[in-house]
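*Asks:* Pasting a structure below so you can have a look.
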Amino acid sequence: LKHLNKKLNIKLVTKLKINDLPKNIDYREGWLLKSKLTDIDIKEKYKDSKIVVVPLYQTTQPSGYSVTLQSMSLGKAVIIANINGLWDRNLFKDGENIILYEPENPKDLNKKIKLLINNKKLRTKIEKNAFETARKFFSLSRMKNSLLEILENE
């Protein structure tokens, strides 16, 4: 976090306890299973964000799914770690509907954040494509139809 531009206003929600943050970082402790934020609070934070960053450790376990899809469904540009467990490599296209960065590499993450903050044309393209991807491939009706199809074929 110390690598990030001090001029950015950053909202950080994490289960990690973090002390001594710069004044430009608004820190809230929370996570899926024990969140101190309501769903409405989280939605408002996404809506108020210029970009959403999903920092993850390298893992084969799919992670960051909810944050990523919720953000994309609100038309937000998402930066997520390119972990081995990224759940849909066919749909998530780096530089098209999402930005991927090298996991556990703060310099690469900082570079990608600066790229999206400073390149409005790229950010707008990713926002539009992220929204379309979420709507087309991750809507409730599509999930329902996929589940019905699976059940009918059993």
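The values are calculated or read from the model by the stated rules, or taken from the named source; none is laboratory data. Please read all numbers here as calculations on a predicted model, not as lab measurements. Glycine also receives a Cβ, built like all others from the backbone with ideal geometry; neighbour counts cover every protein chain displayed. We work out accessible area using only protein heavy atoms, side chains counted, and drop any ligands, DNA or RNA first. Shrake-Rupley method; radii C 1.70, N 1.55, O 1.52, S 1.80 Å.
*Asks:* Give the Rg/Rh ratio for region 37-154, taking Rg as the radius of gyration of the Cα atoms and Rh as the Kirkwood radius, to two decimals.
*Replies:* Details: Rg = 15.0 Å, Rh = 14.9 Å.
Across region 37-154, the Cα-based Rg/Rh ratio is 1.00.
*Asks:* Among 56-62, 95-101, 75-81, how do they line up from the highest to the lowest mean number of other beta-carbon atoms within 10 Å?
*Replies:* Details: 56-62: 12.1, 95-101: 19.6, 75-81: 23.1.
In decreasing order of mean packing, 56-62, 95-101, 75-81 become 75-81, 95-101, 56-62.
*Asks:* Sticking with this structure for a sec: Which of the peptides 108-119, 133-144 is most tightly packed, and how do the rest follow, going by the mean number of other Cβ atoms within 10 Å of each residue?
*Replies:* Values: 108-119: 16.2, 133-144: 13.1.
Averaged packing, sorted descending, gives the order 108-119, 133-144.
*Asks:* Next question. Using the crude model of +1 on Lys and Arg Cβ and -1 on Asp and Glu Cβ, and no other charge, please compute the dipole size for the chain relative to its Cα centre, in debye to 20.
*Replies:* Working: 30 positive and 18 negative charges, 189 e Å.
Computed about the Cα centre, the dipole is about 900 debye.
*Asks:* Also, quick follow-up: Would you mind telling me the share, in percent, of accessible area of region 10-126 contributed by carbon and sulfur at probe 1.4 angstrom? Display every interim value, and only then the final one.
*Replies:* Details: 3660 of 7150 Å².
Ligands and nucleic acids excluded, carbon and sulfur reach 51 percent.
*Asks:* Whole number in Å², please: accessible area per residue of region 65-154, 1.4 Å probe, ligands, DNA and RNA not counted.
*Replies:* Numbers: 5370 Å² over 90 residues.
That works out to 60 Å² for each residue.
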